[in-house]
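Here the structure comes first, spelled out in structure tokens, and everything after it is commentary.
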Amino acid sequence: MNANASQLSLRKIPGVKQILLVASGKGGVGKSTLAVNIATALSGKGLSVGLVDADVYGPSIPTMLGIEPGSRPGSIPGHGNQKPLLIPFERYGIKMMSMGFLVDPEQPMVWRGPMIASAAMQLFNDVKWGELDILVVDLPPGTGDIHLSIGQQVHVDGAVIVTTPQEVALADVRRAKSMFDKVNTPILGLIENMSYFVCDSCEKKHEIFRSGGGARGAQEMGIEAIGEIPLEPAVNVLADQGIPAVVGAAESQSAKAIDALADNILAKLNTLSQEPTFVAPSINISGKPPSKTSKKSSLNIVSQ
Ligand SMILES: Nc1ncnc2c1ncn2[C@@H]1O[C@H](COP(=O)(O)OP(=O)(O)OP(=O)(O)O)[C@@H](O)[C@H]1O
Ligand SMILES: [Mg+2]
């Protein structure tokens, strides 16, 4: 079955050539860390890259990119039939917008389905992304409203599923697969993060948990293993300092593994793509009418 065929009928984001989702069935497996590093690695390969932090429950990408707590994006006021647009932050050559900027941190809110869907769509439709070769989307853990609304409303080119070797049951990967199958999002492959341990003083691979178990199980589901990223203290330390490991520790095993993963992802996207990748001319945002969005939420673009 060609899953991409029905995805083609979905809405493309003007100017954005490809959209990649980073997902996992479980929390804390390193989705955000990998999304930041994959995006940065792709930017290092000369692509123009955007990054969406779609995690309502714990947006962490701004911290990982060193954005001051409390920062708010600027905006371009709307006029005529042109709606206002948020201006993404730019760090390490990538443009980034986070769900965290759309909510008031002082006002923790109870998210309801339509609000989540509407806020998530704002991240795609109400941001001045400009011309992007690829937009990487960090999803919240699990399989919830955000996943479905993005899958149903946006033309997604592919998703990667992140797992860890200690995740004995493959039930989470299976759930993620069945969700993406439902919305016809092609799964590019499985990434095993924290696959083995790399210590500071030796080059030896320490397999604390049995590596590759997740990958073997996923293969049985028809999902290919496309990367094994080691557990390496530098990745965590640098993330806390707001520096992607592929920049701050470019020679580390993790950075090299992420760089190879980014190549694999590009190769997969190119294979799946029905159009020539990164070649097609893009559409001018300002010439487009406002998009149809679902029910309006109480979230507004912050004017400065
Ligand atoms: N390969 C790695 N080596 C060392 N530390 C890592 C690695 N990957 C992730 N971490 C650390 O693991 C923790 C969880 O990572 P991260 O926040 O990226 O996970 P997540 O899947 O996005 O979590 P959540 O489900 O809460 O969004 C972070 O402290 C991060 O720095
Ligand atoms: Mg996260």
**OP:** Within the range 238-252, track down each residue that is within 16 Å of ALA262 (Cβ to Cβ), within 11 Å of ligand 1 (Cβ to nearest atom) and free of Cβ contacts under 8 Å to residues at least 40 places away in the same chain.
**Re:** ALA249
**OP:** Please work out which residue is modelled with the lowest pLDDT, limiting yourself to the range 144-166 and to residues that are more than 23 Å from LEU266 (Cα to Cα) and surrounded by 21 or more Cβ atoms within 10 Å (Cβ to Cβ).
**Re:** PRO165
Original post:
Is there a residue in the range 50-60 that is away from ligand 1 (no atom under 16 Å from the Cβ) and either touching a Lys or Arg at 6+ places or on another chain (Cβ under 9 Å) or under 22 Å from ALA239 (Cβ atoms) (or both)?
Top reply: yes
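How many of the residues in the range 42-58 are within 16 Å of ligand 2 (Cβ to nearest atom) and crowded, with 24+ Cβ neighbours inside 10 Å?
Within the range 42-58, residues that are within 16 Å of ligand 2 (Cβ to nearest atom) and crowded, with 24+ Cβ neighbours inside 10 Å number 4.
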**OP:** Return only the number of the condition from (1) in contact with a strand residue (DSSP E or B) (Cβ under 8 Å, 6 or more places away or on another chain); (2) more than 9 Å from ligand 1 (Cβ to nearest atom); (3) basic (Lys, Arg) that LYS31 does not satisfy.
**Re:** (2)
Original post:
How many residues does the range 127-168 contain that are out of contact with any Pro (no Cβ under 9 Å at 6 or more places or on another chain), farther than 16 Å from LEU34 by Cα and β-branched (Val, Ile, Thr)?
Top reply: 4
**OP:** Quick one: which strands (runs of 3 or more DSSP E) lie wholly within the range 1-96 and hold at least 3 residues that are aliphatic (A, V, I, L, M)?
**Re:** 16-23, 49-53
Subject >> The lone exception for GLY142 - which of (1) away from ligand 2 (no atom under 15 Å from the Cβ); (2) outside any helix (DSSP H, G or I) it fails >> reply: (1)
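The values are calculated or read from the model by the stated rules, or taken from the named source; none is laboratory data. Predicted model only: the values in this text are computed from it and were never measured. Virtual Cβ from ideal backbone geometry, glycine too; neighbours counted across all protein chains shown.
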